[in-house]
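The values are calculated or read from the model by the stated rules, or taken from the named source; none is laboratory data. Keep in mind the model is a prediction, meaning the values are calculated, not measured. When we count neighbours, we look across all protein chains shown, and the Cβ atoms used for this are built from the backbone with ideal geometry, even at glycine. These area figures cover heavy atoms from the full protein model, side chains too; ligands, DNA and RNA do not enter into them. Shrake-Rupley method; radii C 1.70, N 1.55, O 1.52, S 1.80 Å.
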Amino acid sequence: MTPEQIPAFKALDEMRSRFYDSLSKEKAGLASEEDRKELNHFLELEPIIRMAKTRKVA
């Protein structure tokens, strides 16, 4: 990915689907340990991606 492509970056549909699936399971109290790990991974990456986008735009 080039610096110019960073502001337009969006997660793949499959990634978004997995995130929302894990989030729904967590809210319903049905998440497995693997679901929780994946959800935490997404939540750790999100601010990093936002920061990269912000710095590129600035």
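Overall, the accessible surface of the chain at a probe of 1.4 angstrom is composed of carbon and sulfur to the extent of 58 percent. Segment I48..K25, full-extension length gain: 5.9 nm, with 0.36 nm per residue of separation and the alpha-carbon distance subtracted. Angle, helix 33-57 long axis vs. longest principal axis of the chain, Cα atoms, 0 to 90°, nearest 10? Long axis of 33-57 versus the principal axis of the chain: about 20 degrees. The stretch between S17 and H41 holds 7.2 nm of extra length on full extension. This uses 0.36 nm per residue minus the Cα-Cα distance. Computed on the chain, with alpha-carbon pairs under 8 angstrom and 6+ residues apart, the relative contact order is 49 percent. Remark: the chain carries 84 Å² of accessible area per residue (probe radius 1.4 Å; ligands, DNA and RNA excluded). In a reduced charge model with +1 at each Lys and Arg Cβ and -1 at each Asp and Glu Cβ, the chain shows a dipole moment near 340 debye about its Cα centre.
Taking the C-alpha atoms only, the angle from helix 13-28 to the longest principal axis of the chain is near 40 degrees.
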